[in-house]
Amino acid sequence: MYFRPTTIDEAIGALASQGGRILAGGTDFFATQGDRPVLGPVLDISAIDALKGIRVEADQIRIGACATWSEVIAADLPPAFDALKAAAAEVGGWQIQNLGTIAGNLCNASPAADGVPPLLALDAAIELAGPAGTRRLPLDQFILGPRRTALAPGEMVVAILVPRRFEDARSHFMKLGGRRYLVISIVMVAAQVALDLQGRVAGARVAVGSCSAVACRLPALERALLGVAAGAGLAGLVRTEHLAPLRPIDDVRATALYRLEAAQTLIGRALDACLSEPAHA
Amino acid sequence: MIPITTASRVDGRLKVTGGARYAAEFAPAQDNVLHAVLVQSTIAAGRVASIDTARAKQVPGVVAIMTHENAPRIDLGKAGDMTPGFPLLQDDRVMFNGQHLAVAIATSFEAAQQAAQLVELHYNRDEATLLMSDNPTGTSVPQRFRNGMRPPASTRGTPQASFDAAAVKIDQIYRTPIEHHNPMEPHATLAEWQGDRLLVHNASQSVFGNRKALAGFFGLPEDNVRIVSPFVGGGFGSKGVSWPHITLAAMAAKLVGQPVKLVLTRRQMFTSNGYRPKTVQHVRLGADRDGRLTAVLHDGISQNSAYGEFSEPVGLASEMLYSCPNVAVTHRLSKVNQGLPTFMRAPGEASGVYALESAMDELAWALGMDPIELRLKNYADRDEHEDKPFSSKTLRACYEQGAAAFDWKRRVAQPRSMRDGRLLIGLGMATATYPVNRSEAAAKVRLQADGTAIVRCGSQDIGTGTYTVMAQLVGEHLGLPLDRVRAELGDTALPQAPVSGGSQSVASISPAIREACLAVRAQTLQLAAGDPASPLHGLDPEELDVADGRILQSAEKSRGETYQALLARQGRAAIEADGSAKPGEEKQKFSMHSFGAQFVEVAVDPDLGEVRVRRHVGAFAAGRIMNAKTGRSQMIGGIVFGMGMALTEATEVDPRSGRVTNATMADYLVPVHLDVPEIEVIMVAEQDDAVNPLGAKGIGELPTVGTAAAIANAVYHATGQRIRDLPIRPDKLIDGLSI
C-alpha cells in the first residue's frame, strides 16, 4: 500500500488507520531496505506543502520536515547555521543532497548522522504531530539511541525548530572519515562561539557525533570556555575530562581510542575556526 | 611506425547518452523473462540439513525455488580448469558464509526478492576457520600455481647463507588485506534456452571463457552456446572466470523453461565473484655496504578457499626485478572458509611489489642511500631468473623522467624533515613492473561498398578502449576516418579472442586485426590495379596506397579513386578478410615485461594521522601506446586503484560469523574524486620489435603496481612510521605520532 497525502491531517489520519513507514527523500529508506522488497504500507509525505521549505519566523527558524540538504545549503541563514550548512554539504553527493531531508536524517537516528551535531549546537527542537495533536521535544530528547526516536505510534515529524538566540555566533563543522568525502564519519564536531565586545566567549556550544550512541553536547567544555579571552585561541583549553560524555566504540572505521584523540583535536580546530573564519557570504 | 593517436573513445557518445546496453538491460525477444534472486548461506561451514520453501512458494509470482534438491545436474568435469566448480547447487555442502544455496525465480524482481527472504534453511554446522591468521600456520603448497605453468618456489644461488652473511639486512613481514574489485556495473546474466541452444547476455571479461564453461557444464557443443557482452562497466578481474551465478542463471532457465535474468546485488559482489586474497609476506633483503643486493628472499602466503585453489603470485617480480645472485621465492596457501579468491588488477604484482618495494625503501634508509640510487645500483640488465635478455627495458629512463617531472631532488632525506604548516610532507617512490602477455586471437575485417568498414573480434571492452583501438587499427590500415569504421566485439559469434585480463587484449587482437586489414588492403589494391576502368589501372599494387577513404598512387596522390567507386564498378558488396595471430618464439627468446617508476608526495596530519596524496607522477615504458588518450586515462585509473589499496580499501570479515561486514560502497572505501590529486602520467618512449608485431606491451595493470609502496614509502618519509599492514588508515598511523 502506497499513500501520498497532501495535508498533514490526511497523513496523520492514514497513520492512524493503516500505519506505515514514512517516506520523504528516500535516501535512508531505500538504503536501509537493502536486498529486501518493500512490504507493508508506505506513507509518502513529499506532496505535503506544509512540510516544505525553511521559514524565518519571529523567534525561531522553521525547517520543514521535507526540507532537503540542498535547500539548507541555499537558504539565507545567519552565521550560526554555517556548521549545519557545512554538514549538509558533506551528506552524499548532489543527488543525495537534492533528495535527502534533514528531518529524515534525525528520524533515521544513526550515531553518525551528519545533521545532528550542528542542530544540537543550535538547541534545535522537533515539532511532532499525531492523533493527540502537536508537541515539541528538544532534539536531545527526540533521538533516544541508535535507530531509536521518541516518535510515538501514529506520530510524524513536522518541522525542526531553531530558536533565534545565537544568530550572530560563528559556527563550524568538521568531519573526519576514512576518505575525503562520501564517507560515514569516524568523528564529527559542530562548534559555535559567540564573543562579547571585549573578545571574550559569551557563549559556546559544542556537539560531537559518531563517538557515542547518540551525538551529544559537551557541557563541561562549554562552561569552561565561558568568559575566556579568545585572542590566543581556544583549542588549548579542550581537556580530556571535557570529553567525559563520549563513549566511542571500536568498529571497522576506527578504534575507540583513536576516536577520542581525534575528537579532542577536531574540537579544538572547530573552536578556533569559529574565531578566524568570516561569516558565510 | 604508425604515429600515436589521441582519438576519443568511439563508444563515448553512446555511453554518456545511455545508449550503451549492458547485460542487465537486455530482454528476450518474447516478453517472458523471469527474475532470479540468490539465497545465501548464513553459516560458514557445514551441510544443509533441510530447506523449507513452502512460504517462499506462496509469494504471488513465484515460479520455482531452485535448491540442490531440484537443480539440474551438470557436468563438473568439462568446464575448464579456470572455472570455479562450486557452489553450483550440486550437493549440500556449505563452505563459506554467503554461499549460494538456493535461487528464487519469479515473474517480477520484487517477488523473487521476497521469496528469497522466505526460504528457510536449516544446517548441520561444522567447525569453520573464519579468518586467515596474521601469522598463518598449517599452510600448504599450491598444487596448480599459475595454472600449473610455473613451480610455486624457486631458488638461485645461496640465498639463506648469503642473507645470513650480509652486512646490511632487512627482515620484515608485510600484510595486505582482502580487497574486492567493485566495478561499477554489477555482475549480470540473462540466460535463454532455445531447444538445446543457450544464449547468454553476460557482463564478461571473457565471452569465449564463458562459452567453454557453460558448454562443459551442460554437455553441449561449444557452437550451441552463444555469449553476448557488448559493454562491460568495469571488471578488474572479477568478470574473468565464469562465476557460479552465470551457470545458476542458465540452470534456472533450464529448470523453468523460460529466460531468466540474474543480477548480483552490490552486497553479493562481496561473496560471489572472487577477491584479491589477504597476503602475509616475509621479505628478507641482504646487501653489502655499497648497497649491492646479496640476497632476496620472498616468502608469500595467500588466503585460499576451503574448495578450489587460487594462489596470489606475490613473489614473481622479486625473482627478476633486481640483479642479485641469490634469490629464493616461495608461495604457500592458507585455507579458510571463505569464497575462492581470483585475479584482481595486477594479481601478484600489486601485493608482492608493495612488499618488495617497501623493503627496498627500508634498505635504502638502512644504507643511508637515495632510494633511486639503490635501485640503479641493482639494475637488472637481463632477467636473471629466466636467464634471458629483456625484449626491451627502459626503466632507467622511467626513473630519470619521473624524478625530473616530480622534482625528486628537493627531497630532504631525513624523515619528518619536510613540513607545510602543521602537515608533515613525505616523498616516496617505487618501481612498477608487469609481464607482457599475449594469446591467440582472430579477427575479420570487411570493407563495404558504401566506403565504411566493419572490424569484428570477440574480445571485450571493459572500459579500456578496445572498441577504439580496433577502429583505429582499421582506420590506419585502410585509410579511413574513425567515423567510417564500426567495431564489433563481445560476442562468441565473432572470431575468437582471449580473456580481457593480464593486460593482453591489445597485444593479442591487434596483430590479428592488422593481418585482416592488410589482406583487405592487398585485395583492394589488386582490384584497382587490375580494373581497366580505374584511374589506377596498370599500376603495380606496390605503388599504391590508401588514405582518406581512397586508393591512390603513392607518388601522385591526386591520382586515385574512392572505395565506393571501385566496389560499385566491380559489383562487389564488400571486400572481406580474416586474420589471426598467435605468440611465436619470442617468449622462448626473451623475458618480456613493462616497467615504470612511481613518485608520490603525501601530506600527513600529525594530529589525526590522515594521509592525503598531494601529487603523483608515474613514468611508464610499455612499448607502443596505441592511443595516448585512452591509454593515459587507463594509467591514471590504475594509479587510483593503487591509491585505494594503499590508503582505504580492505574487506572486513566478522570474526564470529565469517560474514563480510562492509559489503557496501559506503563502507568499502574506494577513493572518491577528492581523494585523488593531480596525477601526471609520462609515457616513456620505448620501441620493442620482439613482443608482438605492433610492439604494444599492455598498460592495464602496470600503473597499479608500485603505487601502494610509493605511498607507504612517502608516509614513512613524512612521519618516520613504517606501515607494513595495508591499508594505511589514520588509526594505524596515529600511535607513533606526537599527539
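The values are calculated or read from the model by the stated rules, or taken from the named source; none is laboratory data. Note that the structure is a prediction, hence the values are computed from the model and not measured. When we count neighbours, we look across all protein chains shown, and the Cβ atoms used for this are built from the backbone with ideal geometry, even at glycine. Quick note on the areas: whole protein, heavy atoms, side chains included, nothing else; ligands and nucleic acids left out. Shrake-Rupley method; radii C 1.70, N 1.55, O 1.52, S 1.80 Å.
So the values come out like this:
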{"read-out": "Shielding by partners - mean other protein chain Cβ count within 10 Å, residues of A:171-184", "value": "5"}
{"read-out": "Between segment B:261-339 and segment B:226-252, the Cα center-to-center distance that results, in Å", "value": "26 Å"}
{"read-out": "Average accessible surface area per residue within the protein assembly as shown, 1.4 Å rolling probe, Å²", "value": "38 Å²"}
{"read-out": "Nearest-0.05 FRET efficiency for B:Ala165 and A:Asp9, computed from C-beta distance (R0 51 Å)", "value": "0.05"}
{"read-out": "Angle in degrees between helix A:256-276 and the longest Cα principal axis of chain A, rounded to the nearest 10", "value": "80 degrees"}
{"read-out": "Computed over segment B:439-582: relative contact order in percent, which uses C-alpha pairs under 8 Å that are six or more apart", "value": "34 percent"}
{"read-out": "Rounded to 10°, Cα long-axis angle of helix A:8-18 versus longest principal axis of chain A", "value": "60 degrees"}
{"read-out": "Carbon plus sulfur fraction of accessible area for segment A:169-276, probe 1.4 Å, in percent", "value": "57 percent"}
{"read-out": "Aspartates and glutamates with Cα under 13 Å of A:Lys175, excluding same-chain neighbours fewer than 8 positions away", "value": "A:Glu90, A:Asp114, B:Glu610"}
{"read-out": "Sequence-separation-based contact order of segment B:648-739, relative, with Cα cut under 8 Å and 6+ spacing, percent", "value": "22 percent"}
{"read-out": "Local net charge near B:Val260, Cβ-Cβ under 12 Å (Lys/Arg +1, Asp/Glu -1)", "value": "+1"}
{"read-out": "Neighbourhood net charge (11 Å Cβ-Cβ; Lys/Arg +1, Asp/Glu -1) for A:Pro248", "value": "0"}
{"read-out": "By accessible area with a 1.4 Å probe, ligands and nucleic acids excluded, highest first: order of B:Met132, B:Met683", "value": "B:Met683, B:Met132"}
{"read-out": "Lysines whose Cα lies under 25 Å from that of B:Lys393, excluding same-chain neighbours fewer than 8 positions away", "value": "B:Lys377, B:Lys409, B:Lys582, B:Lys587, B:Lys589, B:Lys629, B:Lys697"}
{"read-out": "Environment charge of B:Val653, counting only residues whose C-beta is closer than 12 Å and scoring Lys/Arg +1, Asp/Glu -1", "value": "+1"}
{"read-out": "Kyte-Doolittle at least -1.0, axis length at least 24 Å by Cα - qualifying DSSP helices, chain B", "value": "B:349-367, B:505-530, B:628-647"}
{"read-out": "Violating pairs (Cα-Cα greater than 30 angstrom) within the set B:Lys57/B:Lys212; B:Lys261/B:Lys335; B:Lys78/B:Lys335", "value": "B:Lys57/B:Lys212; B:Lys261/B:Lys335"}
{"read-out": "Packing rank of B:251-257, A:100-106, where each peptide gets the mean count of other beta carbons within 10 Å, highest leading", "value": "A:100-106, B:251-257"}
{"read-out": "Max mean-square fluctuation residue, GNM over chain A, Cα-Cα springs under 10 Å, options A:Pro118, A:Pro37, A:Pro131", "value": "A:Pro37"}
{"read-out": "Contact order normalised by residue count of chain B, Cα under 8 Å, 6+ apart, percent", "value": "16 percent"}
{"read-out": "Buried accessible area, chains B and A (both chains, 1.4 Å probe, Å² to nearest 100)", "value": "2300 Å²"}
{"read-out": "Global form of chain B, assessed from the alpha-carbon gyration tensor, a/c cut-off 1.5", "value": "oblate"}
{"read-out": "Alpha-carbon centroids, segment B:340-374 and segment B:468-514: separation in whole Å", "value": "35 Å"}
{"read-out": "Centre separation in Å (Cα based) which lies between segment A:39-59 and segment A:216-279", "value": "34 Å"}
{"read-out": "FRET efficiency for A:Arg247 and A:Ala31, using Cβ-Cβ distance with R0 set to 22 Å, rounded to 0.05", "value": "0.30"}
{"read-out": "Mean residue ellipticity (222 nm) of the protein assembly as shown, computed from DSSP H runs ≥ 4 via -39,500 (n - 2.57), nearest 500", "value": "-7500 deg cm²/dmol"}
